[in-house]
Amino acid sequence: MPHQIRPQPGIMDIALYQGGTAKIAGREDALKLSSNENPFGAGELAREAYRRAGHDLHRYPSTDHAGLRAALAASYGLDAARIICGVGSDEVITFLCQGFAGPGDEVLYSQHGFLMYPISAMAAGATPVKAPERDRTTDIDALLDAVTDRTKLVFVANPNNPTGTFVPLSELERLADSLPPQTLLVLDGAYAEYVDGYDGGAALVDTRENVVMTRTFSKLHGLGGLRIGWGYGPAHVMDVLNRLRGPFNLSNTQLDVAEAALGDAAHITRSLSENARLRGWLAEKLSAAGVATDQSFANFVLARFDTPAQATACNAALLADGLIVRQVSSYGLPEALRITVGDESACRRVAHSITRFMEGKG
Ligand SMILES: *Cc1c(COP(=O)(O)O)cnc(C)c1O
């Protein structure tokens, strides 16, 4: 008899997430600049903690993550009791959708927003809804216009990915204060550390009942492969998320390495200052070559071409030079390429390759 095993409604409508390309066949010297990874990798303290963790592989991890939560609270001046740690911030995003949105509910995000928002919304049975951006920047009024009485969650990445643009805290505050009472605002701070003086929305969380912040160790701390993220929110929200969280969702290794990374001031400072310097340098070189970028507040730049065909051709030229960047058509930006800010030699190779392409020699 043919089986009649069927998934829950809507699951087969979820588009599979396409990660950044990692390799070029036959090229050992290929450089991956497609996933916003820290070009310096993890810091020395994190690597040391990783090696040490090998001695305790038989031990079950902490279920309450008290050590890492205390370290995060101390680093950022937060209330440790209202921090949750997850398998990447992706897991925290998943918990938020599971906990607060279901069939008939809407999950709102902006036009070029992170693809994990619609994926997680649909996995929870909810309906993802997009609001337009203005000049590739989050438009608070457009988000507010798109809110209905079914809107349960609003996701705003700030800085945004893949655009790199940033909206000031005052705008986020206005959004939080204008949402209807059933709507939770999620501020995704995956790139918050790259913005000098920005707290990722932590103070908004502390002064309101309807704001949650998500953060990650994947970007600045160079730990994307280990999968550690966290969230911070009001007690009533954290109580929901903690019921969804598996007791052993993070391993000893993840917890120990994250804590070590948080204390590695030298690695953090170097990563931030090199990123700021090279991001500015790269944007200038692209501009000189005739390629526009918006001011980026993150660890990547979005290079805009005249047409999707030109972006595709430039991508091919970069690949021929062993450089892997990210085409972002799936984010509604077919005329653009997202380029992670690498180390100095990577940035020079990118600038050289794109300049040659624009001169018609690529
Ligand atoms: C990279 C990124 C994340 C981080 O995801 P992790 O699961 O923590 O690796 C979250 N949000 C945005 C917008 C990102 O670009």
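The values are calculated or read from the model by the stated rules, or taken from the named source; none is laboratory data. Because the structure is predicted, anything quoted here is derived from the model rather than measured. Positions of Cβ are generated from backbone atoms using ideal geometry, with glycine treated the same way; all protein chains shown enter the neighbour counts. In case anyone asks, the SASA skips ligands and DNA or RNA and just uses the protein heavy atoms, side chains included. Shrake-Rupley method; radii C 1.70, N 1.55, O 1.52, S 1.80 Å.
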**Fill in**
Note on the chain, DSSP bridge orientation, antiparallel percent to nearest 5 equals 50
**Item:** In Hz, Karplus ³J(HN,Hα) per residue of segment 191-206 (6.51, -1.76, 1.60; θ = phi - 60°; x = Gly, Pro)
**Value:** 10, 4, 4, 6, 9, 4, x, 9, 9, x, x, 4, 5, 5, 4, 5
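About its Cα centre, what dipole magnitude does segment 254-362 give when the only charges are +1 on Lys and Arg Cβ and -1 on Asp and Glu Cβ, stated in debye to the nearest 20? Working shown, then result.
Working: 11 positive and 12 negative charges, 73 e Å.
Magnitude of the dipole: close to 360 debye.
Need one number: convex hull volume per residue for the chain, Cα atoms only, in Å³. Don't skip to the end; give the middle numbers.
Working: hull volume 60.6 nm³, N = 362.
Expressed per residue, the convex hull around the Cα atoms of the chain is 167 Å³.
Among all lysine pairs in the chain that are eight or more places apart or on different chains, how many have alpha carbons less than 19 angstrom apart? Present the calculation step by step, with values, prior to reporting the outcome.
Details: Lys23/Lys32; Lys32/Lys219; Lys130/Lys152; Lys285/Lys361.
For the chain, the number of qualifying lysine pairs is 4.
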**Item:** Alpha-carbon centroids, segment 1-34 and segment 47-105: separation in whole Å
**Value:** 25
**Message:** Between segment 260-326 and segment 203-243, what is the separation of their alpha carbon centroids in Å?
**Reply:** 27
**Request:** Quick one: pull the percent of accessible area on the chain belonging to carbon and sulfur, 1.4 Å probe, ligands and nucleic acids left out.
**Result:** 53
**Fill in**
Here, chymotrypsin sites (Phe, Trp or Tyr not before Pro) of segment 220-328 satisfying both criteria (DSSP loop; at most 14 other Cβ within 10 Å) are Phe248
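Could you please tell me the mean projected area of the C-alpha convex hull for segment 126-249, averaged over all directions and given in square nanometres to one decimal? Intermediate values should be presented prior to the final figure.
Details: hull surface 33.6 nm².
Orientation-averaged projected area of the Cα hull: 8.4 nm².
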**Asked** Just in segment 297-362: which trypsin sites (Lys or Arg not before Pro) are loop by DSSP and have at most 14 other Cβ atoms within 10 Å?
**Response** Lys361
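Roughly how big is the chain's charge dipole about its Cα centre, with Cβ charges of +1 (Lys, Arg) and -1 (Asp, Glu), in debye to the nearest 20? If you can, show how the numbers build up before the last one.
On the way: 33 positive and 41 negative charges, 198 e Å.
Computed charge dipole of the chain: roughly 960 debye.
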**Fill in**
Long-range amide H partners of Ala131, meaning residues 5 or more apart or on another chain whose placed amide H is closer than 5 Å, are Tyr109, Ser110, Gln111
**Request:** Give me the accessible area of Tyr76, 1.4 Å probe, in Å² rounded to the nearest 10.
**Result:** 80
**Prompt:** For the chain, what is the calculated [θ] at 222 nm in deg cm²/dmol (nearest 500), taking -39500 (n - 2.57) for each run of four or more DSSP H residues and dividing by its residue count?
**Reply:** -11500 deg cm²/dmol
**Message:** Test of understanding: in a Gaussian network model of the chain with alpha carbons linked when under 10 Å, which of Pro39, Pro61, Pro168 would top the mean-square fluctuation ranking?
**Reply:** Pro168
